[in-house]
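Enquirer: Before I ask anything, here is the structure I am working with.
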Amino acid sequence: MSILPITPRPCGKAILLLAAFATSFALAPEFAYAQSAAPVEGILDWFVGVLQGNVARSFMIIAVCFLGFLFLTGRMAWQVAISIIIGIAIIFGAAELVDAMKSSAGV
């Protein structure tokens with residue numbers, strides 16, 4: 001068993017050089033054609049609007065009515081009631097929670 005020095009393959013250097021060139025080419029701003037995040041922001045704003053809009057409000061009203069029906073029939077599980085109420089509070093209070101965290105962080 002002999003210990004041979006590890007010699008790089010000639011092809012390995014070329015691949016490494018090509019990878020470095022491709023990375024520097026992709027990161028150059030004039031070649032990257034970087035755009036703003038406006039399309040992504042539009043999709044996310046639409047999604048927040050769906051989660052906090054009239055459709056979500058209707059689902060929340062149905063959930064509270066369901067809780068009332070469970071109370072009426074005597075089959076109410078407190079864990080279900082508390083989880084639904086906390087879920088409603090988090091969904092509709094998400095914007096205020098994030099703004100409060102953001103302002104406390106100084107951003």
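Enquirer: Of the residues Val107, Val80, Val55, Val48, which single one is modelled with pLDDT under 90 and not in a helix (DSSP H, G or I)?
Expert: Testing whether each residue is modelled with pLDDT under 90 and not in a helix (DSSP H, G or I) leaves just Val107.
Enquirer: Write out, first by first residue and then by second, each pair whose Cβ atoms fall under 7 Å of each other, whose residues are 6+ apart or on separate chains, and whose first residue, in the range 92-107, is in contact (Cβ under 8 Å) with a residue 40 or more places away in the chain while the second is surrounded by 10 or more Cβ atoms within 10 Å (Cβ to Cβ) and not acidic (Asp, Glu).
Expert: That search, which allows pairs on different chains as well, returns Phe92/Gln52.
Enquirer: Cβ-Cβ distance below 6 Å, separation of 6 or more or different chains: which pairs start in the range 54-65 with a residue that is under 17 Å from Val80 (Cβ atoms) and end on one that is surrounded by 11 or more Cβ atoms within 10 Å (Cβ to Cβ)?
Expert: Cβ pairs passing all conditions: Met60/Ile88; Ala63/Ile84.
The values are calculated or read from the model by the stated rules, or taken from the named source; none is laboratory data. Everything numeric in this text was worked out from a predicted model, so none of it was measured. Don't worry about glycine lacking a Cβ; one is built from the backbone with ideal geometry, like all the others, and counts go over all protein chains shown.
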